[in-house]
Amino acid sequence: MMSNFSFEHFTTSWWLKQPHIHTIYGARYVPCPHIPWLRKTVTTPDHDFLDIDYMEHPNAQAIVVLIHGLEGNSQSRYIRSLAHTAIQAGFHVVAPNLRGCSGQINHMPRLYHAGDSKELDWLIPLISKSYPDLPIFIVGFSLGANILLKWLSENPTISSINAAIAIAPPLDLETVAATLNQGFNRVYTYHFLSTLKPKARLKAKQFPGLFDLKKVLAAKNMFEFDEYFMAPLHGFKGARDYWHQSSAGPHLNSISIPTLLVMSEDDPFIPSHLIPHHSQLSHSTQLITTQYGGHVGFVNGRFPGFLQWIPDIIMSYCKSFND
């Protein structure tokens, strides 16, 4: 079933029409509310742990689950801005920190990764059990959006959620990794590697010999890092096997849950040719594209701007299922 909902066309200030400025400003500088998260630590089926941050509304009518992107967490600006709006709109908000992203390294010989859909197999039922009889909506951002879409495509008969929203998913991981190794995009790669490599060092202390730490620490791009760390850590043959098995793009037409897909044509991480054609989508999926927005930026309003367009469109979409 497709949802009929209204939303305002995205507009932004002239100075944010440069995609790198928009991406960086949206991620690091735009004003964003503080969220007084409560935290619950749960044990995973493989005897690891996951830190789940949450906020509850006293009269909540629904739940929204927020899945962050690469090296994000519940403190990411896009998570906090949506959480703030959702609480005001009468939602419980649940923001899992993917493994290794909560400030403490996880225990098992693994982290999170772009194809980690099996994590949702147990996490979503756990959340549903905690809030029985309330509708559940899931929102994924960037890498978290790819995980979400992959999970939806693998579970076409899923009944535990009402709808899903994917913001800027890297639908073809090999293409996105290559894009991140070009020009100014190397700045983003350096930023990601600057936090991923310390996690690899901690994993090497936990599990000596599991991978070649010297090669990992010498990695200059996402191919090298994924080839020497992410792939062997998670049972893939190499970086390309990891990317191929984890990319959600080829499987979008298998999704049966009502799903909203939001992508920007000027996303510096995701070339515009990766934005799927409507013929590649299932009948339950709606696609919204914007001319500007950067990568998970979508800063609207006059300076200093707001991260409000995405929260508003998501709340409108979720509420349309109660109309």
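Conditions tested, residue by residue: (1) surrounded by 21 or more Cβ atoms within 10 Å (Cβ to Cβ); (2) at pLDDT 95 or above; (3) not hydroxyl-bearing (Ser, Thr, Tyr).
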| position | (1), (2), (3) |
| --- | --- |
| 29 | no, yes, no |
| 39 | no, yes, yes |
| 73 | no, yes, yes |
| 93 | yes, yes, yes |
Which of the residues belonging to the stretch 168-185 are surrounded by 24 or more Cβ atoms within 10 Å (Cβ to Cβ), in contact with a Ser or Thr (Cβ under 7 Å, 6 or more places away or on another chain) and either of a type in the set (S, T, N, Q) or outside any loop (DSSP other than H, G, I, E, B) (or both)? 173
Taking residue 53, is it at pLDDT 95 or above, outside the structural domain of residue 196 (by TED's automatic domain parsing) and in a strand (DSSP E or B)? yes
Residue 60 - would you say it is outside any strand (DSSP E or B), farther than 17 Å from residue 138 by Cβ, touching a residue at least 60 places away in the same chain (Cβ under 8 Å) and out of contact with any Cys (no Cβ under 7 Å at 6 or more places or on another chain)? no
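Please verify whether the stretch 131-145 includes one or more residues that are touching a His at 6+ places or on another chain (Cβ under 9 Å), touching a residue at least 12 places away in the same chain (Cβ under 8 Å) and part of a helix (DSSP H, G or I).
Initially, the stretch 131-145 is screened for residues touching a His at 6+ places or on another chain (Cβ under 9 Å), giving 131, 134, 140-144.
So of that shortlist, the ones also touching a residue at least 12 places away in the same chain (Cβ under 8 Å) come out as 131, 134, 140-144.
With the extra rule that they be part of a helix (DSSP H, G or I), the set shrinks to 143-144.
Looking for residues that are touching a His at 6+ places or on another chain (Cβ under 9 Å), touching a residue at least 12 places away in the same chain (Cβ under 8 Å) and part of a helix (DSSP H, G or I), one finds at least one in the stretch 131-145, hence yes.
To keep it simple, each residue is scored yes or no on (1) within 14 Å of residue 252 (Cα to Cα); (2) outside the structural domain of residue 295 (by TED's automatic domain parsing).
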position: 146; (1), (2): yes, no
position: 161; (1), (2): no, no
position: 164; (1), (2): yes, no
position: 178; (1), (2): no, yes
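Outside the structural domain of residue 150 (by TED's automatic domain parsing), touching a residue at least 12 places away in the same chain (Cβ under 8 Å) and closer than 16 Å to residue 172 by Cβ: does that describe residue 226?
Numbers: outside the structural domain of residue 150 (by TED's automatic domain parsing): yes; touching a residue at least 12 places away in the same chain (Cβ under 8 Å): yes; closer than 16 Å to residue 172 by Cβ: yes.
For residue 226, the condition - outside the structural domain of residue 150 (by TED's automatic domain parsing), touching a residue at least 12 places away in the same chain (Cβ under 8 Å) and closer than 16 Å to residue 172 by Cβ - is met.
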Does any residue of the stretch 285-294 turn out to be over 23 Å from residue 101 (Cα atoms), in a helix (DSSP H, G or I) and touching a residue at least 40 places away in the same chain (Cβ under 8 Å)? no
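Count, please, the residues in the stretch 240-257 that happen to be crowded, with 22+ Cβ neighbours inside 10 Å, touching a Phe, Trp or Tyr at 6+ places or on another chain (Cβ under 9 Å) and not polar (S, T, N, Q). Full working, then the answer.
We begin by selecting, within the stretch 240-257, every residue crowded, with 22+ Cβ neighbours inside 10 Å; these are 242-243, 246-248, 252, 255, 257.
Filter again for touching a Phe, Trp or Tyr at 6+ places or on another chain (Cβ under 9 Å), leaving 242-243, 246, 248.
Restricting the remaining residues to those that are not polar (S, T, N, Q) gives 242-243, 248.
Residues that pass the stated criteria total 3.
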Determine, yes or no, whether residue 314 is assigned to a helix (DSSP H, G or I), in contact with a helix residue (DSSP H, G or I) (Cβ under 7 Å, 6 or more places away or on another chain) and within 22 Å of residue 176 (Cβ to Cβ). no
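Given the structure, is residue 42 out of contact with any Ser or Thr (no Cβ under 8 Å at 6 or more places or on another chain), touching a residue at least 60 places away in the same chain (Cβ under 8 Å) and under 21 Å from residue 308 (Cα atoms)? Give the steps one after another, and end with the answer.
Numbers: out of contact with any Ser or Thr (no Cβ under 8 Å at 6 or more places or on another chain): yes; touching a residue at least 60 places away in the same chain (Cβ under 8 Å): yes; under 21 Å from residue 308 (Cα atoms): no.
When the stated conditions are applied, residue 42 does not pass them.
Output the number of residues of the stretch 83-100 satisfying the condition of being within 16 Å of residue 112 (Cβ to Cβ), among the hydrophobic types (A, V, I, L, M, F, W, C) and touching a residue at least 60 places away in the same chain (Cβ under 8 Å). Write out each step before concluding.
Restricting attention to the stretch 83-100, the residues satisfying the condition of being within 16 Å of residue 112 (Cβ to Cβ) are 95-100.
Now restrict to residues that are among the hydrophobic types (A, V, I, L, M, F, W, C): 95, 98.
With touching a residue at least 60 places away in the same chain (Cβ under 8 Å) added as a condition, the list becomes none.
So the answer is 0.
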Just checking, how many residues over the stretch 1-43 are of a type in the set (Gly, Ala, Ser) and not in a loop (DSSP other than H, G, I, E, B)? 2
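Being over 21 Å from residue 236 (Cβ atoms), touching a Ser or Thr at 6+ places or on another chain (Cβ under 9 Å), crowded, with 22+ Cβ neighbours inside 10 Å and outside the structural domain of residue 240 (by TED's automatic domain parsing) is the requirement here; does residue 114 meet it? Lay out the reasoning, then the answer.
Values: over 21 Å from residue 236 (Cβ atoms): no; touching a Ser or Thr at 6+ places or on another chain (Cβ under 9 Å): yes; crowded, with 22+ Cβ neighbours inside 10 Å: yes; outside the structural domain of residue 240 (by TED's automatic domain parsing): yes.
The answer is no for residue 114.
The values are calculated or read from the model by the stated rules, or taken from the named source; none is laboratory data. Owing to the predicted nature of the structure, the values given are computational and were not obtained by experimental measurement. Quick reminder, even Gly has a Cβ in these numbers, built from the backbone with ideal geometry, and neighbours come from all protein chains shown.
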